[in-house]
Amino acid sequence: MHEMSRKQINIPKVLDVSWMKEKNPEELRALLKFQRLKPFLEMTRNVYPDLIKIFYTNLSLEGKNLVSSMKGIKMLITSKV
């Protein structure tokens with residue numbers, strides 16, 4: 001008999017971007033640049049949904065750091081990272 005995981009699953013956070021339609025394009029660009037989101041939103045590289053799922057499934061908090069592991073490799077995500 002398989003034992004099921006009892007790990008809590010968090011509700012995904014969703015961003016409502018409808019407010020962007022009301023903004024002046026230059027103002028929006030400046031806001032994204034200020035928040036350092038522009039490069040993230042312009043990414044065109046490959047996305048690996050299975051790896052992302054594994055990363056978040058294994059994610060935990062150790063002190064003030066996020067920790068995850070994949071294929072035996074531990075990843076420590078600090079506020080500096």
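The values are calculated or read from the model by the stated rules, or taken from the named source; none is laboratory data. None of the values given here were measured: they were computed from a predicted structure. Neighbour counts run over all protein chains shown; Cβ positions are idealised from the backbone, glycine included.
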Starting from residues that are in a helix (DSSP H, G or I) and under 19 Å from the mean Cα position of the chain (by Cα), keep the ones in the range 1-33 and report whichever is modelled with the lowest pLDDT.
-> L32
What number of residues in the range 57-67 are outside any strand (DSSP E or B) and either at pLDDT 90 or above or surrounded by 11 or more Cβ atoms within 10 Å (Cβ to Cβ) (or both)?
-> 3
Pairs only if they're at least six apart or on different chains, beta carbon under 9 angstrom, first in the range 40-56 and within 23 Å of L76 (Cβ to Cβ), second surrounded by fewer than 10 Cβ atoms within 10 Å (Cβ to Cβ); list them, first residue then second.
-> I54/K71; Y56/N10
Listed by first then second residue, the pairs whose first member lies in the range 70-81 and is without any contact (Cβ under 8 Å) to a residue 60 or more places away in the chain, whose partner is in a loop (DSSP other than H, G, I, E, B), with beta carbons under 7 Å and at least 6 positions apart or on separate chains, are M70/N58; S79/K64
On the given criteria, is M70 surrounded by 10 or more Cβ atoms within 10 Å (Cβ to Cβ), at pLDDT below 85 and not small (G, A, S)?
-> no
